[in-house]
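What follows is calculated from the coordinates using simple rules that are stated; it is not laboratory data. A quick note: this is a predicted structure, and the numbers were derived from the prediction, not measured. Virtual Cβ from ideal backbone geometry, glycine too; neighbours counted across all protein chains shown.
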Amino acid sequence: MIKIVTHSGGFHTDDVFAVATLQLLHGVDNVEVIRTRDEAVLATADIVVDVGGVYDATTKRFDHHQNGGPVRDNGIPYAAFGLVWREYGEQVAGSKEVADEIERMLVMPVDAGDSGVNLYTLNNSDIAPYELYQVTRSFLPEWGSDKNKDEAFSQAVDFARELLRRTIVHKQADQSMKAIIADTYQNTADKRVLVFEVGVSSIAFIEYPEVLLVVCPDDPTANDNWTATTVRKECGSFEARVNFPEEWRGLRGAELAGVSGVSDAIFCHKAGFIFVAGSKEGVMKAAQRVVGQ
């Protein structure tokens with residue numbers, strides 16, 4: 001049994017996800033988690049996380065509260081999650097590529113929040129996103145409660161472990177999808193419209209500047225429909241490189257078929273970024289209208 005010790009009392013997203021990572025690495029049944037600040041107990045631990053004042057991967061001590069803790073090149077300090085992921089992420093994720101993606105999308109934001117680093121400024125809507133630290137905080141006993149914090153921590157870790165596991169699985173699958181995308185891209189003469197026989201995510205095409213539209217099946221497990229989806233100009237923006245015509249947007253069925261000339265047209269989103277038809281031929285006709293073929 002591997003003894004993991006982290007601090008008692010309240011908890012944050014970095015210690016929760018650090019412990020979840022170690023559970024994925026070693027197996028939940030092979031891990032005992034103890035929450036304490038007792039130095040004598042810390043000394044007996046196999047792994048110490050977010051407490052103890054020491055960062056030393058060789059002795060499996062992963063605290064970041066002491067002076068002189070490591071900082072990434074982009075200025076984001078390592079918190080407990082980042083230190084654990086730095087050491088074990090590739091093993092847990094199955095590859096360096098997946099580990100690096102999770103580092104960017106999940107680990108660094110957690111570490112930034114724990115270290116007091118702002119990652120965004122509010123726009124004119126003055127509405128902030130509901131962040132992962134707030135999700136973690138929801139597991140804490142509410143004010144005025146006498147609920148057990150260790151039990152709450154365990155529940156938060158269960159959630160974090162499953163979220164991390166699902167994220168890894170999706171990112172691993174994305175690697176396979178990206179290989180298919182790269183092959184299709186290389187073997188398509190007119191790269192403005194790429195066609196796939198399996199479903200793919202249009203987000204993956206932001207790195208391919210020539211691609212305007214992506215054509216693929218909608219959901220083969222549920223229907224025989226096909227979709228044509230526009231590609232965004234950049235990550236973090238909903239602005240597309242092209243859009244379906246204004247007069248098509250928000251229409252369905254016969255009304256959409258009448259204005260688009262696609263006989264099996266099903267739906268065009270009111271924002272103009274996706275067109276659905278009952279056949280591959282139908283969405284290809286719609287896509288070709290958009291790119292001027």
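Details
- Segment 188-291: C-alpha pair distances exceeding 24 Å, %: 16 percent
- The fewest-to-most ranking of ARG232, ARG72 by surrounding Cβ atoms within 10 Å reads ARG72, ARG232.
- Taking the Cα centre of segment 2-172 as origin and assigning +1 to Lys and Arg Cβ atoms and -1 to Asp and Glu Cβ atoms, the resulting dipole is close to 160 debye.
- Taking a ≥ b ≥ c as the square roots of the Cα gyration tensor eigenvalues, segment 124-282 comes out prolate, since a/c reaches at least 1.5 and a/b is larger than b/c.
- Between 0 and 90 degrees, the angle of helix 280-291 with respect to the longest Cα principal axis of the chain falls at about 90 degrees.
- Taking the Cα centre of the chain as origin and assigning +1 to Lys and Arg Cβ atoms and -1 to Asp and Glu Cβ atoms, the resulting dipole is close to 620 debye.
- Between 0 and 90°, nearest 10: helix 13-26 axis offset from the chain longest Cα axis: 90 degrees
- Percent of Cα-Cα distances greater than 21 Å, calculated over segment 2-172: 47 percent
- Among the GluC sites (Glu not before Pro) in segment 231-293, those placed in a DSSP loop whose Cβ has at most 15 other Cβ atoms within 10 Å are GLU234, GLU239.
- Sites excluded, chymotrypsin sites (Phe, Trp or Tyr not before Pro) in DSSP loops with at most 16 other C-beta within 10 Å, longest stretch of the chain: 1-119
- When the chain is described by a simple charge dipole with +1 on each Lys and Arg Cβ and -1 on each Asp and Glu Cβ, the residue from SER125, VAL214, PHE238 located farthest towards its positive end is VAL214.
- Relative to the dominant Cα principal axis of the chain, helix 149-186 is inclined by about 40°.
- Relative contact order (%) - criterion: Cα under 8 Å, at least six apart; region: the chain: 12 percent
- Spatially proximal lysines relative to LYS191 (Cα-Cα < 19 Å; intrachain offsets below 8 disregarded): LYS178, LYS233, LYS280, LYS285
- Taking a ≥ b ≥ c as the square roots of the eigenvalues of the alpha carbon gyration tensor, segment 4-67 is rounded, as a/c is under 1.5.
- Listed candidates (i) 47, 20, 18; (ii) 28, 23, 19; (iii) 31, 23, 18 - label of the one calculated as semi-axes √(5λ) of the Cα gyration tensor in Å: (i)
- Rounded to the nearest 20, the size of the Cβ-charge dipole of segment 188-291 about its Cα centre is 240 debye, with Lys and Arg at +1 and Asp and Glu at -1.
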